[in-house]
1. Within the stretch 148-232, which GluC sites (Glu not before Pro) sit in a loop by DSSP and count at most 13 neighbouring Cβ atoms inside 10 Å?
2. What residues have an amide H closer than 5 Å to that of ILE176, excluding those fewer than 5 places away on the same chain, when H is modeled at 1.01 Å from N in the peptide plane?
3. Grab the alpha carbons of the stretch 180-232, take their convex hull, and tell me the volume per residue in Å³.
4. Helix 189-212 versus the longest principal axis of the chain: what is the Cα-based angle in degrees, 0 to 90, to the nearest 10?
5. Are there trypsin sites (Lys or Arg not before Pro) in the stretch 135-232 that DSSP puts in a loop and that have at most 11 other Cβ atoms within 10 Å, and which ones?
6. Counting only Cα atoms, I'd like the Rg/Rh figure for the stretch 107-225, Kirkwood definition for Rh.
7. Could you give the angle, 0 to 90 degrees to the nearest 10, between helix 27-39's Cα long axis and the longest principal axis of the Cα atoms of the chain?
8. In nm, to one decimal, how far is the LYS145 label point from the LEU126 one, both placed 7 Å along Cα→Cβ?
Amino acid sequence: MSASKVPIGERTLAFKKFAILASGNGSNARELIRHWQETKENYSIELVVTDNPEAPVIDKACELGVKCVVILFKREGFESYAMAKRDYEKRVIEVLREHNINWLLLAGYMKIMGQDLLAEFHDKELGLNRIINVHPSLLPSFKGKDGIKDAFEYGVKYSGITIHFVESDVDAGPIIKQQAFARLDGDTLDDFRSRGHQVEHEIYPHVVDLIAAGKFECRLDGDKKYIVTKES
């Protein structure tokens, strides 16, 4: 098998090169890039990939000097959604390979990871996929695309942010870090959401630093995986 055909997750890591996958506003992408540029940590954020040609993340990435690639999901011409998704992920993988990406950061990416991307980034030695996501709730509570709204409408007194590895089940991968925040008297949904974003912007870059430095390990408890980080 030629080097270009070896799945990304099986390639030796000399240096961690991240790509950010995003579909929307891009505030987390912006904070991740800014943190990397300001701290000069020992990794790189090479690329932003979006499926949305009108996403504000495009301008945010370009303003910070990071290339952004738009890859459209095309449903027409395929017999099924599954076939269209495989075609889309194949095109994403081609771009990631071209840029020698070996880790993915999801930041408001509205596509569920398919088996092709998961297989491409599976690291057998780690026992994990090299894909990290941020979710706006304290998982396993309030999974899904708008966890922060669901938590607010449920009436929780505390919610939080979860950073986790991505697996085939949605919002169910091993948790790397969680941080809670309070719901204050008089909070609107916008207030609550804004407080969640502040926490995301604080902890996501920190988690990327830990991952890039190798300051984590995956342990097994029966068939359950859990992550131990080595924070300085």
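Just so you know, all these numbers are worked out from the coordinates, no wet-lab data involved. Fair warning: this is a prediction, and the values are worked out from it, not measured in the lab. For neighbour counting, all protein chains shown are included, and Cβ atoms are generated from backbone atoms with ideal geometry for every residue, glycine included.
1. Here the GluC sites (Glu not before Pro) that fit, given the DSSP loop and packing criteria, are GLU231.
2. ILE163, HIS164, PHE165
3. For the stretch 180-232, the hull spanned by Cα atoms encloses 116 Å³ per residue.
4. For helix 189-212, the angle is close to 40 degrees.
5. LYS157, LYS230
6. A ratio of 0.99.
7. 80
8. 2.7
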